[in-house]
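Asks: Quick one: the structure is below, and I'll ask about it shortly.
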Amino acid sequence: MKRFMYETKETEKWQLVYESLSDELSRKIYLDRSLYSLTCDRDYLKDIIRDMPLGMAIRNAANERYNKKLALVGAGEWAEYILRFFPEIHWDYVADNYKAGKSFGGLDIITPGELYEKTAGSDVSVVISILDGYDELISQLVELGFPRESITSVGAVACKHQYFDLPALNLSDNEVFLDVGGLDGATSLRFSDITNGRYRHIYCFEPNRDSYQRCLKNTAGLHDFSLFSKGVSDKNGIVKMSGNGGGANILNPEEGDNIEVIRLDDVCDEATYIKMDIEGAEMNALLGAERLIRRCRPKLAISAYHLRTDIWEIPKTVLSWHPDYRLFFRVYSLKGNDVVMYAL
């Protein structure tokens, strides 16, 4: 790639990021997400979303079952982005357990039960447009009588692919996996499933008290599993965490409960794969793992979307430690959030 007339070591770092992007999709995501960070205009993300597994699942549900009616179940934020990013799809019904009687996209919202009464469950293709609680909604629809094969859950698609869908990831039987931001343990459980239980160790970090208890319960069957009720940062100490569940964060130090944070460099001697999704604290957590990453050169899957600058600062930082990392970007949300940077 050509150079500018005057380069510095700092400007060369930015160029190295782009040159390290390993496929055309990653380059498109990096550029379009950069434009979104600069403008806050989500329409820059439209083409990305349509080409991701989430978008393909929605389009397949609409196209492959052309002889059926099409129902959108869930009239929340994800559904709004489905209408925005897939304007060519015609929806015949919209159903929601909590918004029946209102309207959405020009259609009256009905309950899932009313949807079954209108269709008998046999001539409708259903797209579930929620992330949290999609399992329960699938079960409800199946109990009502909808065939399981007629239901597409975009939340299930997102959870299936996130952190593990790159063919180049090449997980071995000897992985030491660090699950930073363990939440309810779902990612650690998926890692165990994908490796068929053949791994060396999983270290999971979840400081939120309620999430920690759920994680502790859900992961009870995993072998060689260490769960820490601590956050991860660039220094050891006590900080405040506000919020709960997946939105719990340490970005507002004036509010919340006290939690302990630690440096990965101080608690882990080895890592082959590090995943981080910690609501904007990823940059500090990486800095607290610099020695570990320099020494072990683990595979990385780092959320790079919580802060406006994450899309630029996170890849630049990891390349400053290992310039030979191959970078990939993927998106796992209909809003264009859940942008994950992989470094392999």
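The values are calculated or read from the model by the stated rules, or taken from the named source; none is laboratory data. Here the structure is a predicted model, which means the values were calculated and not measured. We place every Cβ from the backbone using ideal geometry, glycine too, and count neighbours over all the protein chains shown.
Asks: Would a scan of region 72-82 turn up a residue that is within 30 Å of P112 (Cβ to Cβ), assigned to a strand (DSSP E or B) and at pLDDT 95 or above?
Replies: Yes.
Asks: Please work out if R326 is within 22 Å of P167 (Cα to Cα), touching a His at 6+ places or on another chain (Cβ under 6 Å) and either outside the structural domain of S153 (by TED's automatic domain parsing) or of a type outside the set (S, T, Y) (or both).
Replies: no
Asks: Let me ask you something else. Go through (1) aromatic (F, W, Y); (2) in the same structural domain as C268 (by TED's automatic domain parsing); (3) over 30 Å from N258 (Cα atoms) for F205 and report which single condition fails.
Replies: Here F205 meets the rest and fails (3).
Asks: A further question follows. Test each condition in (1) in the same structural domain as L144 (by TED's automatic domain parsing); (2) under 23 Å from H306 (Cα atoms); (3) free of Cβ contacts under 8 Å to residues at least 24 places away in the same chain for E88 and report the one that comes out false.
Replies: (2)
Asks: Have a look at S139, S122 and point out the one that is assigned to a loop (DSSP other than H, G, I, E, B) and either assigned by TED's automatic domain parsing to the domain that holds A186 or surrounded by fewer than 19 Cβ atoms within 10 Å (Cβ to Cβ) (or both).
Replies: One residue alone meets the criteria, S122.
Asks: Go over the candidates I29, I82, I89, I48 one by one and state the one that is closer than 20 Å to E313 by Cα and touching a strand residue (DSSP E or B) at 6+ places or on another chain (Cβ under 9 Å).
Replies: I29
Asks: For Y163, indicate whether it is part of a strand (DSSP E or B) and aromatic (F, W, Y).
Replies: For Y163, the condition - part of a strand (DSSP E or B) and aromatic (F, W, Y) - is not met.
Asks: Show me the helices (runs of 4 or more DSSP H) entirely contained within region 278-344 in which 3 or more residues are surrounded by 18 or more Cβ atoms within 10 Å (Cβ to Cβ), in contact (Cβ under 8 Å) with a residue 12 or more places away in the chain and of a type outside the set (F, W, Y).
Replies: Hits in region 278-344: 282-287, 310-321.
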